[in-house]
Amino acid sequence: MSVHHAQKWGRMFGMDKVVIIMPTYKEAKNIEKMVPALFEEEFPKIENAEMHLLVVNDLPLGGGADDGTGDIVKNYMNKYKNLHIVEHEKRGLGMAYVRGMKYAMEKLSADAVMEMDADFQHPPRFVRPMVDAYLAGAEYVIGSRYIPGGSVPRQWAISRRAVSFFGNLFIRIVLLKVKLHDLTTGFRLTKVKGVLDKIKLDELMELGRFAFKVDLLYQSVKNSKKTVEVPLEFAPRTEEQSKFDIKEMIATFKVAIILGIKDKQRFIKYGIVGFIGYAVNAIGLEVFYRMGATPAIAAALGAELSIISNFTWNNLWTFKEEKITQLGRLVYKFVQFNLTSAGAVVIQAIVVGIGTRLFGEHLRQLMLIIAVGFFVIPYNYAAYNILIWKTWKIPGLTKLQKILG
């Protein structure tokens, strides 16, 4: 059975459609070999997935001389029915991928998309392991050069190897993604529903450069419930020279730094709101005590004022992207917020109680600082992100998040 007929029948039986997006700009020599390599050699090996190739071909600005890449693809389209092309004037790598991803989602109804170079630096034989990982349940698959089985070209000079390795390490540290080993790879597969369709593609940073891929990866990892790395033996280019230069490297580092700061902004806001809450608590305690309330009642009222302050400012500022506005849901979430805050009170009581019993009551303020700094702050921040505003997607807790609403 031909590849076309096998995949046609596969779609009828509910196979996922995986679309490889391959940007090109004057890649005639490469694309002439790449298309048959995929359709004749690699796609037939892939079971339980309907494979497509979408070439996003950039044309020279102002109608300049082209090398015929588009014509080669169009000729192949007569032979391979799952081959597609989108053409536009050159506007940069990022815009090419954005056009391709939108086309794959809107016109081809893709279930997943792959990012792949046309220059054979991503060898076609590694397509199958990427798809297999997706079919096994991964929502985001990274072709990694820095895990066992992966590698960079032996032909690379030591200096280039060092730049690649330490540049990637820098981005891992800045983005706090040290568990992932390759954040600068261009070979990736992304599930559409729940991952790619949640990203505002037109708003990605540095769309004219390779650096946009760092932003795309960062957001994809945040949306993905299961991210997997598979080995990639990165190959040297077979035609032409690499387009990655010092400007691209600087832009890539800039995007990583911006994202790293942006990611920490929420925690900084959370800390500021918490400090305001503490001030409200302290002032409330004093005011209610002077009004005649007992210390315990004054402390309870002050604590509730602090909870109201924290909930209000976190909703309006810290988690403004997920702001709760509907009245009924606002009340429901406020009750949840009070319950999670009660958990923090219990943690504080346990830590201070055990600490003072072991080391003496004279260290109660130190025990309070330890309780708040090492236990309450992380607990509250996690509770807010997981249960209240649900910005963290953690495998195993999705059912609980749905139940709690």
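In nm, to one decimal, how far is the K254 label point from the D66 one, both placed 7 Å along Cα→Cβ?
3.1
State, as an integer percentage, the relative contact order of the chain based on alpha-carbon contacts under 8 Å between residues 6 or more apart.
Relative CO of the chain lands at 14 percent.
Compute the relative contact order of segment 129-230 as a whole-number percentage, counting only Cα pairs closer than 8 Å that sit 6 or more residues apart in sequence. Please report the intermediate quantities before stating the final value.
Working: 111 pairs, mean separation 46.3, N = 102.
For segment 129-230, the relative contact order is 45 percent.
Which value, in Å² rounded to 10, gives the accessible area of H362 with a 1.4 Å probe and all protein chains present?
Taking all protein chains as shown, H362 has close to 140 Å².
Could you check the simple spin-label distance between Q265 and A293, using points 7 Å along Cα→Cβ, in nm with one decimal?
For the pair Q265/A293, the computed spacing is 3.6 nm.
Taking the alpha-carbon distance from K29 and a cut-off under 14 Å, which aspartates and glutamates remain once sequence neighbours fewer than 8 residues away in the same chain are dropped?
D66, D67, D71, D117, D119, E239, E240
Taking 2.2 N^0.38 Å as the expected size of a compact globular protein, what ratio does the Cα radius of gyration of segment 9-80 give against it, to two decimals?
Here the Cα radius of gyration is 1.27 times the empirical estimate.
Using Cα-only point scatterers and the Debye equation, what is log10 of I(q)/I(0) for segment 133-249 at each q in 0.11, 0.13, 0.20, 0.22 Å⁻¹, rounded to two decimals?
Debye intensities relative to I(0), on a log10 scale: -0.38, -0.53, -1.24, -1.43.
Convert 4 °C to kelvin, take the viscosity as 1.567 mPa s, use the Kirkwood radius over C-alpha pairs of segment 243-315 as Rh, and evaluate the Stokes-Einstein diffusion coefficient in µm²/s, rounded to a whole number.
Details: Rh = 14.9 Å.
Approximately 87 µm²/s, per Stokes-Einstein.
So, taking all protein chains as they sit and a 1.4 Å probe, how much accessible area belongs to T227, in Å² rounded to tens?
40
Can you find, among W317, N281, V376, the residue farthest towards the positive end of the dipole of the chain? Put +1 on the C-beta of Lys and Arg, -1 on that of Asp and Glu.
Value: N281.
If you fit an axis through the alpha-carbon atoms of helix 327-359 and take the longest principal axis of the Cα set of the chain, what angle between them do you get, 0 to 90°, nearest 10?
70
Stretched out fully, how many nm does the piece from W156 to K33 gain, at 0.36 nm a residue minus the Cα gap?
On the way: separation 123, 0.36 × 123 = 44.28 nm, distance 2.37 nm.
So the extension gain works out to 41.9 nm.
How far apart, in nanometres, would the label points at L169 and E40 be if each is projected 7 angstrom from Cα along the Cα-to-Cβ direction?
4.4
Compute the semi-axes of the equivalent ellipsoid of segment 183-288, taking the square root of 5 times each eigenvalue of the Cα gyration tensor, and list them largest first in whole Å.
In descending order, the three semi-axes are 41, 17, 12 Å.
Going highest first, how would you order 32-44, 143-155 by mean Cβ packing within 10 Å?
Per-residue mean Cβ counts within 10 Å order the peptides as 32-44, 143-155.
Residue by residue through segment 161-173, which ³J(HN,Hα) values in whole Hz follow from phi under the Karplus form 6.51 cos²θ - 1.76 cosθ + 1.60 (θ = phi - 60°), with glycine and proline marked x?
Those phi angles translate into 4, 5, 4, 5, 5, 6, x, 5, 4, 4, 5, 4, 6 Hz.
Keeping every protein chain in place, order W313, W389 by accessible area at 1.4 Å, biggest value first, i.e. largest first. Numbers along the way, then the final one.
Details: W313 125, W389 10 Å².
Highest to lowest solvent-accessible surface, that is W313, W389.
When the helices in the chain are scored as -39500 (n - 2.57) per DSSP H run of 4 or longer and the sum is shared across all residues, what 222 nm value do you end up with, to the nearest 500 deg cm²/dmol?
-16000 deg cm²/dmol
When only the heavy atoms of the protein chains count and the probe is 1.4 Å, how do I403, I370, I31 rank by accessible area, highest first?
So, going from the largest accessible area down, we get I403, I370, I31.
Taking amide hydrogens as modeled 1.01 Å from N in the peptide plane, which residues meet the under 5 Å criterion relative to S144, leaving out close sequence neighbours?
Those lying under 5 Å, H to H, from S144 are V230, L232.
Provide Rg over Rh for the chain; use the alpha carbon set for both Rg and the Kirkwood Rh (inverse mean inverse pair distance).
1.09
Once you have the Kirkwood Rh of segment 51-180 from its Cα pairs, apply Stokes-Einstein at 10 °C and 1.306 mPa s and quote D in µm²/s.
Numbers: Rh = 17.5 Å.
The calculation lands on 91 µm²/s.
Give the ranking of L305, L216, L61 by solvent-accessible surface, highest area first, calculated with a 1.4 Å probe.
In descending accessible area the options line up as L61, L305, L216.
The values are calculated or read from the model by the stated rules, or taken from the named source; none is laboratory data. Nothing here was measured: the structure is a model prediction, and the numbers come from that model. Cβ sites come from the backbone with ideal geometry, for glycine too, and all protein chains shown count toward neighbours. Surface areas here come from the heavy atoms of the whole protein model, side chains and all, with no ligands, DNA or RNA. Shrake-Rupley method; radii C 1.70, N 1.55, O 1.52, S 1.80 Å.
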